[in-house]
Amino acid sequence: MPFTPGRPLAEAKADLFKAMAHPARIRVLELLAEGERTVGELAEETGLELSHLSQQVTVLRRAGIVDSRRVRSNVICSLRDPQTAELLAVARRMLTVNLRQSQALLEALDGADDAVALADSGA
């Protein structure tokens with residue numbers, strides 16, 4: 001649900017993230033960050049059935065993240081705010097940093113030459 005006066009901001013933020021908290025919806029947002037798409041194009045590019053895709057787009061629309069309009073027989077979707085693409089980019093950077101830190105820790109553990117590492121290698 002979009003922000004309304006008198007509603008706690010933290011609650012509105014939580015609802016925004018809940019609306020985005022599904023892999024299919026994230027994929028739809030990634031595609032829309034590249035530009036508007038018809039529902040048919042989104043279905044083809046995501047591999048989702050139209051009924052499932054429609055449900056996901058409805059969640060994003062109700063949350064105020066995605067807009068849609070009808071042009072003849074097509075429903076065209078777009079991001080309501082280009083900052084959504086920036087939010088997805090920040091999430092990607094955060095994941096990248098975390099994975100790099102985990103990789104460094106794994107390499108340090110693999111390269112450890114202490115009593116614990118020696119005991120572990122004998123197992």
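Each value in this text was obtained by applying a stated rule to the coordinates, not by laboratory testing. Computed from a predicted model, the values in this text were never measured in an experiment. For neighbour counting, all protein chains shown are included, and Cβ atoms are generated from backbone atoms with ideal geometry for every residue, glycine included.
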Inset, instruction - Could you please find all residues in the range 36-81 being more than 16 Å from ALA24 (Cα to Cα), under 18 Å from the mean Cα position of the chain (by Cα) and without any contact (Cβ under 8 Å) to a residue 24 or more places away in the chain? - result: ASP67, ARG80, ASP81
Inset, instruction - For the range 4-30, name all the residues that are crowded, with 16+ Cβ neighbours inside 10 Å, in contact with a Leu (Cβ under 8 Å, 6 or more places away or on another chain) and among the hydrophobic types (A, V, I, L, M, F, W, C). - result: ALA19, MET20, ALA24, VAL28, LEU29
Inset, instruction - Tell me, please, whether a residue that is exposed (fewer than 15 other Cβ atoms within 10 Å of the Cβ), in contact with a Ser or Thr (Cβ under 7 Å, 6 or more places away or on another chain) and over 19 Å from ASP15 (Cβ atoms) can be found in the range 58-75. - result: yes
Inset, instruction - Determine whether the range 16-37 contains at least one residue that is more than 22 Å from ALA91 (Cβ to Cβ) and either in contact with a strand residue (DSSP E or B) (Cβ under 9 Å, 6 or more places away or on another chain) or aromatic (Phe, Trp, Tyr) (or both). - result: no
Legend entry - Scope the range 34-74; condition in a strand (DSSP E or B) and either acidic (Asp, Glu) or touching a Pro at 6+ places or on another chain (Cβ under 7 Å) (or both); matching residues: ASP67
